[in-house]
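Asker: Pasting in a structure now, in structure tokens, and then I'll have a few things to ask.
The values are calculated or read from the model by the stated rules, or taken from the named source; none is laboratory data. Please read all numbers here as calculations on a predicted model, not as lab measurements. Neighbour counts run over all protein chains shown; Cβ positions are idealised from the backbone, glycine included. Each accessible area value is taken on the protein alone, full model and side chains, heavy atoms only, with ligands, DNA and RNA left out. Shrake-Rupley method; radii C 1.70, N 1.55, O 1.52, S 1.80 Å.
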Protein chains: 2
Amino acid sequence: MIVGDMEQKMRHARQKVQDAIEAHHGTTLLSTGITGDDARMALAAVKAGARMIEPNHPALALARGYKGVTSMHVAESLRHEISVDQMAEAVHGVRNVVGNDIYITVGAAGTFTEVMPTPLTEEDVIKLARAGADGLHTHKSTIEDLKDVVDMAHRYGLLIDAYIAHPSDRHLFGIPCETPKEVAETAKKMEDIGVDFVGLMTGMSYEGVEAGKIADPVKERIDALVKAVSVPTLAEGGINLDNFKAFIGTGVNIIVVGTAIDDVAREAVDRVVRTLVEHE
Amino acid sequence: MIVGDMEQKMRHARQKVQDAIEAHHGTTLLSTGITGDDARMALAAVKAGARMIEPNHPALALARGYKGVTSMHVAESLRHEISVDQMAEAVHGVRNVVGNDIYITVGAAGTFTEVMPTPLTEEDVIKLARAGADGLHTHKSTIEDLKDVVDMAHRYGLLIDAYIAHPSDRHLFGIPCETPKEVAETAKKMEDIGVDFVGLMTGMSYEGVEAGKIADPVKERIDALVKAVSVPTLAEGGINLDNFKAFIGTGVNIIVVGTAIDDVAREAVDRVVRTLVEHE
């Protein structure tokens, strides 16, 4: 009864992403961190040109000071306790202020590789879709789990961005692949099961890498990804103001940036508060 | 049964404010806006030296994109719809990350001059106190209403900051006083009914005022306030990076700054997002 409706919803959402990629000459920004969940900062990001926004549950844990968490690392260990209702509220608020032309993909308890049993339910997906999400931001670590999420998301008109990780990553944010060959094979498999946007986690060790460059092994993995699939591609992790241009040069379609934006906002607050309190 | 407990709680809270004023050479900052309700930015403000933080309901309406509101002016007309539970969650999250030495005063539905019947209940006050608030940030517009709030707040160990307004203010954020003489008389009355910190709304017209200065009529009103009471004093409204030093020169003990901080954070996000999307 709603298959056609949801196909239309997804077509419209895919078009938003295509438009964003074209508007930014082949590589657009998925703006996250504080611009993903705070409506004031989401609006600032969109006014500055961002056309894709990502609220997610670990960032919301930080925003709400949940259990006193102040680092993303710790937030990852309790993010599954942030309720889907809280995420839906965040999506709804951001949607309210940014309008309908902006693509919103949301990470919520159950869309990542959670540390506690956290099934994503049909009710959750419907809630997030009705709150205004276009897609689910996922970090599942097996093709099988990912396929379950893809199928459910598509039933309710949500697209999926999903990621490939490295086995040595501190937190597992995708399907682990050791070599560029494995990256290519897995990316193709992800496309085959219906993933709409295939991403690569790039927050690997940058030891010994010159500022503004990408480590060669990471570059090889991005190359493998970009060549393997025909859907739009993403790079997430470790992307900042120093190195983003190197990422754009790889042909990846979407760079995901959160921490680097939060850091700049934090430094701005730091500067203004220091000015206001440090007087004679 | 809890009178002594609550007196001790209030003594401790008053000491925090005294310590903040001394640490900042007589004039401290009450940091609000995004630093009042977003735990990430509250922590940044505190690390930069802020010792007083103010979450409030109109700012939370903006943070949550409530009904699509994007301006403080519109937020004032629907702020009473932000629930005390939401404010308690914000207070709790900020308290979690800033620790117990920071003074937190909270504005919530019923503590301002609301446009709809919005009584503040005992249950509300207890909730906010237990969430971690030290005080209530109030903007009542008659001495009688203010006295009701003071009495209830003190029963549950919360202190009160309250304000004097000008009859021509766009939104009524305090007890309206036309002349400096009235300001002095009303300030004294406020102190007499138990207001712990007496403030003045200073967001009046700055037309024709040189950058970095305070309009003479505002200066006269601040002078009147500062001389009239022995409790700490506040100035709120229109204080920014250009003119804050002039406020400090008046002898007022606490300057309240929100919008000017939000603007700087917003500009920072704008800059970084533009950099990330405006490439060839």
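Asker: Work out from phi, with θ = phi - 60° and the Karplus expression 6.51 cos²θ - 1.76 cosθ + 1.60, the ³J(HN,Hα) of each residue of region A:147-153, listed in order in whole Hz, and give x for Gly and Pro.
Answerer: Those phi angles translate into 4, 4, 5, 4, 4, 5, 4 Hz.
Asker: Could I ask something else about it? With a 1.4 Å probe, what is the total accessible area buried between chains A and B, in Å² rounded to the nearest 100?
Answerer: That pair of chains buries around 4700 Å² in total.
Asker: With a 10 Å cut-off between alpha carbons and a GNM built on chain A, which of A:Lys219, A:Lys16, A:Lys67 moves the most?
Answerer: Per the Cα network of chain A with a 10 Å cutoff, A:Lys67 tops the list.
Asker: Can I ask one more? On a full-extension model of 0.36 nm per residue, what is the gain between B:Glu267 and B:Ser230, subtracting their alpha-carbon distance, rounded to one decimal in nm? Provide the component values of the computation, followed by the final result.
Answerer: Working: separation 37, 0.36 × 37 = 13.32 nm, distance 3.90 nm.
Result for the pair: 9.4 nm of gain on full extension.
Asker: Based on the mean of other beta carbon atoms within 10 Å per residue, what is the order of A:115-126, A:144-155, A:232-243, most packed first?
Answerer: A:232-243, A:144-155, A:115-126
Asker: For A:Met1 paired with A:Arg155, estimate the spin-label separation in nm (one decimal), with each label point 7 Å from Cα along the Cα-to-Cβ line.
Answerer: Calculated label separation equals 1.4 nm.
Asker: Ignoring solvent entirely, what values of log10 I(q)/I(0) come out of the Debye formula for the protein assembly as shown at 0.05, 0.09, 0.11 Å⁻¹ when each Cα is a single scatterer?
Answerer: Values, matching the q order: -0.23, -0.69, -0.94.
Asker: Report, by chain and number, residues whose modeled amide H sits under 5 Å from the one on B:Tyr163, excluding near sequence neighbours (fewer than 5 apart, same chain).
Answerer: Distant-sequence amide H within range of B:Tyr163: B:Lys140, B:Ile175, B:Gly199.
Asker: Determine, from the Cβ-Cβ distance of B:Thr70 and A:Asp148 and an R0 of 35 Å, the FRET efficiency 1/(1 + (r/R0)^6), rounded to the nearest 0.05. Don't skip to the end; give the middle numbers.
Answerer: Details: r = 38 Å, r/R0 = 1.08.
According to the calculation, E is roughly 0.40.
Asker: Here's another thing I want to ask about it. What accessible area, in Å² to the nearest ten, does a 1.4 Å probe give for A:Ser83?
Answerer: Rounded to the nearest 10, that gives 40 Å².
Asker: Evaluate the distance, in nm, between pseudo-label points positioned 7 Å from the Cα of B:Glu81 and of B:Glu123 along their respective Cα→Cβ axes.
Answerer: So the label points at B:Glu81 and B:Glu123 sit 2.2 nm apart.
Asker: Follow-up question, since we're still on this one. State which entries of B:Lys67/B:Lys127; A:Lys47/B:Lys67; A:Lys67/A:Lys189; A:Lys9/A:Lys140 exceed 28 angstrom in Cα-Cα distance in the structure shown.
Answerer: On the way: B:Lys67/B:Lys127 25 Å; A:Lys47/B:Lys67 19 Å; A:Lys67/A:Lys189 38 Å; A:Lys9/A:Lys140 24 Å.
Exceeds cut-off: A:Lys67/A:Lys189.
Asker: With a 1.4 Å probe and all protein chains kept in place, how much accessible area does B:His80 have, in Å² rounded to the nearest 10?
Answerer: Approximately 40 Å² of B:His80 is accessible to the 1.4 Å probe.
Asker: Using R₀ = 60 Å, calculate the FRET efficiency as 1/(1 + (r/R₀)^6) where r is the Cβ-Cβ separation of A:Lys181 and B:Lys181; round to 0.05.
Answerer: Approximately 0.10, to the nearest 0.05.
Asker: Just to confirm a number: summing +1 for Lys and Arg and -1 for Asp and Glu over residues other than A:Ile104 whose beta-carbon lies under 12 angstrom from that of A:Ile104, what do you get?
Answerer: Within the 12 Å Cβ shell, the charges total -2.
Asker: Go ahead and run the numbers for FRET between A:Arg11 and B:Leu241, Cβ-Cβ distance against an R0 of 45 Å, rounding to 0.05.
Answerer: 0.40
Asker: Considering Cα pairs under 8 angstrom that are at least six residues apart, work out the relative contact order of chain A and quote it in whole percent.
Answerer: About 17 percent, as a whole number.
Asker: Let me ask something else. Describe numerically, in nm with one decimal, the distance between label points set 7 Å from Cα along Cα→Cβ at A:Arg170 and at A:Glu220.
Answerer: 2.5
Asker: So, one more: Let a ≥ b ≥ c be the square roots of the eigenvalues of the Cα gyration tensor of chain A; is it rounded (a/c under 1.5), or, if not, prolate (a/b larger than b/c) or oblate?
Answerer: Rounded shape, in that the Cα axes give a/c under 1.5.
Asker: Right, something else. Go through region B:104-119 residue by residue and turn each phi into a ³J(HN,Hα) via Karplus (6.51, -1.76, 1.60, θ = phi - 60°); whole Hz please, and just put x for glycine and proline.
Answerer: 10, 10, 10, x, 9, 3, x, 8, 9, 7, 7, 8, 10, x, 9, x
Asker: For chain B, which whole-number percentage of the solvent-accessible area (1.4 Å probe, protein heavy atoms only) is attributable to carbon and sulfur atoms?
Answerer: Carbon with sulfur: 51 percent of the solvent-accessible area.
Asker: Where only protein heavy atoms count, and the probe is 1.4 Å, what is the accessible area per residue for chain B in Å²?
Answerer: 39
Asker: Add +1 for every Lys or Arg and -1 for every Asp or Glu among the other residues with Cβ under 15 Å from the Cβ of A:Arg130, and state the total.
Answerer: -3
Asker: Same structure again: Under 13 Å from the Cβ of A:Ala39, count the other residues' Cβ atoms, weight Lys and Arg +1, Asp and Glu -1, and hand me the total.
Answerer: That sum, taken over residues with Cβ under 13 Å, equals 0.
Asker: To continue, here is another question. Using per-residue counts of other Cβ atoms within 10 Å, averaged over each peptide, order A:17-23, B:36-42 from highest down.
Answerer: Result, highest mean first: B:36-42, A:17-23.
Asker: Still on this model: Could you go through region B:154-159 in sequence order and give the Karplus-derived ³J(HN,Hα) for each residue, using 6.51 cos²θ - 1.76 cosθ + 1.60 with θ = phi - 60°, rounded to whole Hz, and x for Gly and Pro?
Answerer: Karplus-based 3J(HN,Hα) across region B:154-159 equals 5, 4, 10, x, 9, 7 Hz.
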